[in-house]
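Remarks on the structure that follows.
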Amino acid sequence: MKAFFALMHREYIEHRGAFFIAPLVLVVVVLSLALLAFGVDRIDSRTTGQLSFVAPGWIFEAGYAGLATAWMAYLGFVLFFYCADGFAADKRNNAMLFWKSMPVSDLKVLLSKLAAAMTILPGSVFAIALLSIALLFGIAFVLTSLVGLASVDLLGAITVIFGQMTMVFVVVLACALLWYLPYMALVGAMGSAVGRWAIPMALLLPSILSALEWVTLGGLHPFDTNISRYLSYRSQMPVSVDYLDRVWEGQERFNAGAFVTDFLQKFDWLQVGIGAVFAFAVIYIAAEYRRRAAAN
């Protein structure tokens with residue numbers, strides 16, 4: 001296990017630019033721009049502070065949700081490019097023979113890359129995301145203080161909102177990683193074979209399979225097939241909208257515990273299991289290809 005964790009740590013060291021340094025720089029730049037905007041009165045600090053006091057629950061919850069969604073979009077983008085690039089890095093930088101000399105199998109190397117993509121790499125982005133949201137909440141509280149509306153109760157309410165929304169963020173992020181695991185594994189497996197062309201190849205392969213089903217079994221068009229419908233379903237993470245609709249319509253207040261319970265109960269865990277089996281299968285095939293290709 002020490003070797004496996006060492007391999008995961010290597011992945012973090014080699015790709016911390018995209019998963020740690022770049023997000024941190026982005027936070028610094030955005031924070032600097034925000035402070036500059038308030039400093040030169042591009043944004044009215046009094047109006048912003050009063051708004052934070054008038055509806056603190058909705059303002060802070062919506063602000064947290066918006067930032068968390070943006071960070072998850074960034075994470076999804078860099079993860080898929082990591083899978084396309086990271087799985088082929090050993091071959092590209094001529095490190096293949098070095099790892100062949102170590103008592104580490106090709107399967108373990110590829111699994112360590114996939115494990116890093118599921119844990120340590122998104123974990124670093126998650127940590128930066130929490131930092132950025134905490135800074136946002138801090139700025140809002142300071143602005144509220146400047147207009148004389150801050151109080152201990154408001155600070156307590158902000159802290160409770162931050163804790164509840166963080167719980168939601170953790171659960172949704174973990175489920176998203178599990179839901180899109182087969183896609184990351186497919187891109188990674190393609191990357192071990194065709195390098196940086198993995199993403200277009202991974203997109204082309206399902207289209208070819210769907211067109212093949214349409215030619216053999218019929219249908220209105222190549223994208224009106226069982227394969228296409230299944231992939232469309234697997235491309236959208238199932239989120240219970242009923243509870244969120246009730247919240248937005250004002251029928252009930254947002255409760256993190258109720259949302260998480262509803263979310264986990266309605267999550268398609270069978271598809272998560274199927275995706276995990278598929279992910280291991282394609283990684284195993286990629287490892288065998290990598291082993292035989294290196295031997296030749």
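Throughout, read-outs are computed from the coordinates displayed, never taken from laboratory work. Owing to the predicted nature of the structure, the values given are computational and were not obtained by experimental measurement. Note that we place each Cβ from the backbone using ideal geometry, even for glycine, and neighbour counts take in every protein chain shown.
Express in nm, to one decimal, how much length is gained between Leu26 and Val239 on full extension, taking 0.36 nm for each residue of separation and deducting their alpha carbon distance. Could you put the intermediate results ahead of the total?
Numbers: separation 213, 0.36 × 213 = 76.68 nm, distance 2.86 nm.
The Leu26-Val239 span can extend by a further 73.8 nm.
Compute the FRET efficiency between Asp153 and Thr119 as 1/(1 + (r/R0)^6), taking r as their Cβ-Cβ distance and R0 = 45 Å, and round to the nearest 0.05.
It comes to 0.75.
How much length would be gained if the chain were fully extended between Leu231 and Leu209, taking 0.36 nm per residue of separation minus their Cα-Cα distance, in nm to one decimal? Intermediate values should be presented prior to the final figure.
Working: separation 22, 0.36 × 22 = 7.92 nm, distance 1.10 nm.
Once the chain is fully extended between Leu231 and Leu209, it gains 6.8 nm.
Sort Ser145, Ser210 so the one with the fewest other Cβ atoms within 10 Å of its own Cβ comes first.
Ser145, Ser210
What list do you get for Tyr289, Tyr183 if you sort them by fewest beta carbons within 10 Å?
Values: Tyr289 14, Tyr183 21.
Ranked by crowding around the Cβ, least crowded first: Tyr289, Tyr183.
Between Glu14 and Leu220, what's the calculated FRET efficiency when r is the beta-carbon distance and R0 is 35 Å? Round to 0.05.
0.15
How would you rank Lys2, Lys266, going from fewest to most other Cβ atoms within 10 Å of each one's own Cβ?
Ascending number of Cβ neighbours within 10 Å: Lys2, Lys266.
Suppose the chain between Ala174 and Leu135 were pulled fully straight at 0.36 nm per residue; how much longer would it get relative to their current alpha carbon spacing?
The span from Ala174 to Leu135 would gain 11.7 nm if fully extended.
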